[in-house]
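Below: the structure, in structure tokens.
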Amino acid sequence: MVKHQPLQVYERQLCLSCLTGIYGCRWKRYQRSHDDTTKWEGTWFFLLSCSFFLLLVWAYFWWEAHNDYNEFNWLLYNRSGEWSDGTVPILTTTVVGFTYTSFLMGLALCHISLGQQMNMYWIHKVGVLAVLLSTITGLVSIDDLWRSEWNIVIISLQFTGPFLHIGALAAVTALGWLVAGFVVRGERSKFQIAVLVLYFSVLLALCLAPVAISSPCVMDKSSLSPRPLVIGRRGAPMLAPENTLMSFNKALQQSVSALEADVAISLDGVPFLMRDRTLRRTTNVQRLFPQRQSDDASLFTWTQLRSLNAGLWFLKEDPFWTVSSMSPRERRRAGNQTVCSLADLLRLAVKANCSVLFSLRRPPPGHPRYNLWIIDTLRVVQRSGIPLDKVMWTPDADREKVRREAPRLRQTSQRKLTLKELRQKGITAVTLHYSQALLPDIRQYLGSNMSVNVQTVNDPWLFSVLWCSGVTSVSSEAPNILKDVPYPIWLLSPDAYYLIWIACVLVSFAAVVAIFVHQNFHMIRWKMSGMRSYNPEQIMLSAVVRRPSRDVNIMKEKLIFSEINSGVGSTDELSMFAENGYVRYTHGGIPH
């Protein structure tokens, strides 16, 4: 019988213990195994991968949707009738879930890299299943509630596409280490070939991906258009209550070129500024008119509207998380704001010598001014003293009549029409949602001397993309943020972009070749040694001799425990090692 000293040759391998312990609650060394992962555990790894990639898409969506967080909260308000910041719980759970699945994914890949059998602990299985089902539910809910927002993902890829391509190429290149190791250790040739074909197909697709990437920011600097003008949408609602004089004054302090507002008609024919159909969200109508808080805002007289407070809600709800940055004086001023009339806005525009853009909402049927709403608004504009060429008129109703009575108004369309339709209606400018502002359409409009305004643009990255696209102006709820963007965030000439692309592909190719050569080094050395015949015993002994010290120690421990428990000889033990996968015959023989 061979005598051994087990406790003197064993290496603790704390890193491996932590990997198998955290992933599968297998903290003892005798619980670890180099056997192939079972199909059941392989299924759980597949579910983990699905959870990770779905959550990655979900996280990317909410990262880019930052431009429209306020729009999302407003949408929830219209559904529930109560204002709340619905993005907070979504972002919190997304961060927690993504961190958890990323951690498990890293542990699983480490198991594959080290050749360890994967056995996910049941608590992790419950967690992975919960994350997967929650993410799928979230994706379906967003598609039903906010389907139009998926456009932000497509547009954002114009900005992030070149960088995501480099990151994805680096990740797949690094994954080559696992693929090469799997091919070296694997015994199922057909499955190996399938994995190799899939891997190199993905790698080839990534190498050719820039062919399909089209970004307006890949252009010569000499072709860059002038910086788009910024229009204060509802003033500066991040800094003051929306559609109030304080908000418009704040916007002017941010050097906006125009002011944009939402206009409704009161019961007695006075145009006033209000975004919502009701007064519940932005005024204290619950206190002054508790029985009418669900009534249409147009069903109140101007005297009643003027008596409402239109600023306290801003201090209470803090929709943009900016109240804490306001001084005590600004808070008092915000808390004393009243409903603003269109005439007040026009007087402010005349004083600041800036333009005005407004959308007009028709009163509900049965309203005294239901058929006079256009005339009431046009009369206020004409009496305000503002130069008519500084007013961008958007209502489509009675547009021909308006053109005859005030030909100097800048006729503006809020719909995406053909050039022929625009010319027939005498329209000289279009204002579109960013999801409709496609690069070919923008260039077509600009080529026909048509001004293009895009709304709503709050994030610098979106502003940069539209700047590179050549738009004339953007409507923004965050003029204070866009003011600090004096140049597109990134701009690359086509030659520089192609050079980066080719360099990344070459580096990736070299790295993958090096990885596969390194992982198959012993087989390549054996084939290049000139050995024409081989001895199976030599190959077996060579494989045993070349095994890492970690595997040798495991083999020794197995031998020790077997001797102690059953007194089996060394020959039987070596046979047991072969049955458990500890001896492989894939490395070739001993070189001469």
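By average Cβ neighbour count within 10 Å, what is the ranking of 208-220, 443-455 from highest down?
Details: 208-220: 15.7, 443-455: 17.4.
The densest-packed peptide leads the list: 443-455, 208-220.
When all alpha-carbon pairs of the stretch 166-258 are counted, what percent fall beyond 21 Å?
Of all Cα-Cα pairs in the stretch 166-258, 64 percent lie more than 21 Å apart.
Per the Kirkwood definition applied to all pairs of different Cα atoms, how many angstroms is the hydrodynamic radius of the stretch 19-154? List each step's numbers first, then the result.
Values: mean 1/r = 0.0599 Å⁻¹.
The Cα-based Kirkwood calculation yields 16.7 Å.
Would you work out what percent of the accessible area of the stretch 229-484, with all protein chains in place, is carbon or sulfur (probe 1.4 Å)? It would help to have the intermediate numbers written out before the result.
Working: 5160 of 10570 Å².
Summing carbon and sulfur atoms, their accessible area is 49 percent of the total for the stretch 229-484.
Summing +1 for each Lys or Arg and -1 for each Asp or Glu, what net charge is found among the other residues whose Cβ lies under 15 Å from the Cβ of Phe46? Each step should come with its number before you reach the end.
On the way: positive: Lys39, Lys125; negative: Glu41.
Counting the neighbours of Phe46, the net charge comes to +1.
Could you provide, to the nearest whole Å², the per residue accessible area of the stretch 229-484 with probe 1.4 Å?
Working: 10570 Å² over 256 residues.
Accessible surface, normalised per residue, equals 41 Å².
Work out the length of the dipole vector of the stretch 229-484 about its Cα centre, built from +1 on the beta-carbon of each Lys and Arg and -1 on the beta-carbon of each Asp and Glu, and round it to the nearest 20 debye.
On the way: 36 positive and 22 negative charges, 91 e Å.
The dipole of the stretch 229-484 has a size of about 440 debye.
Can you give the % of DSSP beta bridges in the stretch 229-484 that are antiparallel, to the nearest 5?
Details: 5 of 32 bridges.
Roughly 15 percent of the beta bridges in the stretch 229-484 run antiparallel, per DSSP.
State the three equivalent ellipsoid semi-axes of the stretch 380-479, derived from the C-alpha gyration tensor as the square roots of 5 times its eigenvalues, in descending order and whole Å. All intermediate terms of the calculation are to be shown ahead of the outcome.
Numbers: eigenvalues 126, 57, 21 Å².
Rounded to whole Å, the semi-axes are 25, 17, 10.
Largest first and in whole Å, what are the equivalent-ellipsoid semi-axes of the stretch 51-119 based on the Cα gyration tensor, each being the root of 5 times an eigenvalue? Can you show the working numbers first?
Numbers: eigenvalues 258, 23, 11 Å².
So the three semi-axes of the stretch 51-119 are 36, 11, 8 Å.
Using amide H atoms built in the peptide plane, which far-off residues or other-chain residues are under 5 Å from Ala261 H to H?
Here Arg234, Leu357, Phe358, Ser359 satisfy the definition.
With θ set to phi - 60° and the Karplus curve 6.51 cos²θ - 1.76 cosθ + 1.60, what are the ³J(HN,Hα) couplings of the stretch 79-91 in order, to the nearest whole Hz, using x for Gly and Pro?
7, 9, x, 10, 7, 7, 8, x, 6, 4, x, 5, 5
Which of the trypsin sites (Lys or Arg not before Pro) found in the stretch 130-226 are in a DSSP loop and have at most 13 neighbouring Cβ atoms, other than their own, within 10 Å?
Working: sites: Arg147, Arg185, Arg188, Lys190, Lys221; in loops: Arg188.
In loop regions of the stretch 130-226 (DSSP not H, G, I, E or B), the sparsely surrounded trypsin sites (Lys or Arg not before Pro) are Arg188.
Using the Cβ atoms and a cut-off under 15 Å, what net charge is assigned to the surroundings of Val454, where Lys and Arg are +1 and Asp and Glu are -1?
-1
Alpha carbon centre of the stretch 100-155 versus the stretch 400-427: separation in Å?
Rounded to whole Å, the Cα centres lie 50 Å apart.
Enter the accessible area of Val270 (Å², nearest 10), with the probe set to 1.4 Å and all protein chains included.
40
Which order do peptides 412-418, 393-399 fall in by mean Cβ count within 10 Å, highest first? Working shown, then result.
On the way: 412-418: 15.7, 393-399: 17.7.
Most protected by this proxy first, the peptides run 393-399, 412-418.
Please report, in whole Å, how far the alpha carbons of the stretch 229-484 spread along each principal axis, starting with the longest.
53, 44, 31 Å, listed from the longest principal axis down.
The values are calculated or read from the model by the stated rules, or taken from the named source; none is laboratory data. Please read all numbers here as calculations on a predicted model, not as lab measurements. Note that we place each Cβ from the backbone using ideal geometry, even for glycine, and neighbour counts take in every protein chain shown. Just the protein is used for accessible areas: all its heavy atoms, side chains included, with ligands, DNA and RNA removed. Shrake-Rupley method; radii C 1.70, N 1.55, O 1.52, S 1.80 Å.
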